Amino acid sequence: MTVLVEGVSVIIKLEAINRIIPEGWEGFRQYVPNFAWCKDDKLVRLGFLDGDEAKEFATKLESLNLVYQGSEGAQDFALVDQIYGVTSRCNWLEYGHLDINNDPNMKVAACRIAGTQDDTIVLPEGWKYENSLTAVHGLTPSSQS
């Protein structure tokens, strides 16, 4: 499966949450700071409006013993920008664009585990394209729009 990327998203391996956080996903939910999250069977995505908020949450994740950068790049989680993609070296995550409901006018940024083929996208509860950051800001830098 694939998770939505909007604003700056923190994408975490669900396996890492289950391995490191007491009570796994259920224990981790207490740290989720907003409603802009979704998860599939491999990834958890938390969305933030800007990079500073995402970096602050990344610091929180590191305090919980999740590792951002290891010798191979992003280890347990990565930061992904809606327009520019993965912000650091990350060999386990793929970034790209998908059409919601096969509608090319409703294209969004998304991530999935590298090497997987499932383009089924998971969205935050209540998310609607017409109210989304993507609909408002698009997927290209403003200088290229």
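The values are calculated or read from the model by the stated rules, or taken from the named source; none is laboratory data. The structure displayed is predicted, hence computed values, not measured ones. With ideal geometry, Cβ positions are generated from the backbone for all residues, glycine too; neighbour counts draw on all protein chains shown.
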message = Residues that are of a type in the set (Phe, Trp, Tyr) and under 22 Å from Met1 (Cβ atoms), at least 1 per element: which strands (runs of 3 or more DSSP E) completely within the stretch 27-134 meet that?
response = 37-39, 43-48, 77-81, 93-99
note = A careful count of residues in the stretch 89-145 that are modelled with pLDDT under 90 and within 15 Å of Asp41 (Cα to Cα) gives 2
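Can you say whether Ala58 is free of Cβ contacts under 8 Å to residues at least 24 places away in the same chain and aliphatic (A, V, I, L, M), as far as the supplied structure shows?
On the way: free of Cβ contacts under 8 Å to residues at least 24 places away in the same chain: no; aliphatic (A, V, I, L, M): yes.
When the stated conditions are applied, Ala58 does not pass them.
From the residues in the stretch 86-145 that are acidic (Asp, Glu) and farther than 24 Å from Lys55 by Cβ, which one is farthest from the chain's Cα centre (by Cα)?
Residues of the stretch 86-145 acidic (Asp, Glu): 94, 99, 103, 118-119, 125, 130.
Checking which are farther than 24 Å from Lys55 by Cβ leaves us with 99, 103, 118-119, 125, 130.
Working: Asp99: 17, Asp103: 22, Asp118: 16, Asp119: 15, Glu125: 15, Glu130: 20 Å.
Checking each candidate, the answer is Asp103.
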request  = Run Gly70 past the list (1) in contact with a strand residue (DSSP E or B) (Cβ under 8 Å, 6 or more places away or on another chain); (2) modelled with pLDDT under 90; (3) within 17 Å of Val10 (Cα to Cα) and report the number of the one that doesn't hold.
outcome  = (1)
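Within the stretch 9-18, track down each residue that is in contact with a strand residue (DSSP E or B) (Cβ under 9 Å, 6 or more places away or on another chain) and part of a helix (DSSP H, G or I). Lay out the reasoning, then the answer.
Applying the first criterion (in contact with a strand residue (DSSP E or B) (Cβ under 9 Å, 6 or more places away or on another chain)) to the stretch 9-18 yields 9-14, 16-17.
Scanning the stretch 9-18 gives Leu14, Ala16, Ile17.
Residue-wise test of (1) buried (at least 20 other Cβ atoms within 10 Å of the Cβ); (2) in contact with an Asp or Glu (Cβ under 8 Å, 6 or more places away or on another chain); (3) closer than 21 Å to Thr134 by Cα; (4) aromatic (Phe, Trp, Tyr).
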position: Val32; (1), (2), (3), (4): no, no, no, no
position: Gly47; (1), (2), (3), (4): yes, yes, yes, no
position: Asp52; (1), (2), (3), (4): no, no, yes, no
position: Glu56; (1), (2), (3), (4): no, no, no, no
position: Lys60; (1), (2), (3), (4): no, no, no, no
position: Leu66; (1), (2), (3), (4): yes, yes, no, no
position: Ile83; (1), (2), (3), (4): no, no, yes, no
position: Cys90; (1), (2), (3), (4): yes, no, no, no
position: Gly96; (1), (2), (3), (4): no, no, yes, no
